[in-house]
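Novice: Got a structure for you, written out below as structure tokens; questions coming shortly.
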């Protein structure tokens, strides 16, 4: 599954308001600045801070 490029250009991290990168292998949107990854469930980005997974 992929994220529409038009949508990806407009999505930002809710914590930092910085752009997100889509990790297709893990199905997540990654915030490099906040060092967290947000899940994408059934093609829908879940941009809730409490749902974010900390990056190692």
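Here, each number is a calculation from the coordinates, and none is a lab measurement. All figures in this text were calculated on a predicted structure; none of them were measured in a lab. Cβ atoms come from the backbone with ideal geometry, glycine included; neighbour counts cover every protein chain shown.
Novice: Which number in (1) in a loop (DSSP other than H, G, I, E, B); (2) free of Cβ contacts under 8 Å to residues at least 24 places away in the same chain; (3) surrounded by 10 or more Cβ atoms within 10 Å (Cβ to Cβ) marks the one condition that residue 25 misses?
Specialist: Tallying (1) in a loop (DSSP other than H, G, I, E, B); (2) free of Cβ contacts under 8 Å to residues at least 24 places away in the same chain; (3) surrounded by 10 or more Cβ atoms within 10 Å (Cβ to Cβ), residue 25 fails exactly one: (3).
Novice: Quick one: residue 9 ticks every box in (1) touching a helix residue (DSSP H, G or I) at 6+ places or on another chain (Cβ under 8 Å); (2) not in a loop (DSSP other than H, G, I, E, B) bar one, so which box is it?
Specialist: (1)
Novice: Please go through the stretch 33-54 and give me each residue that is touching a strand residue (DSSP E or B) at 6+ places or on another chain (Cβ under 7 Å) and either in a loop (DSSP other than H, G, I, E, B) or in contact (Cβ under 8 Å) with a residue 60 or more places away in the chain (or both), ordered by number.
Specialist: 35, 46, 47, 52
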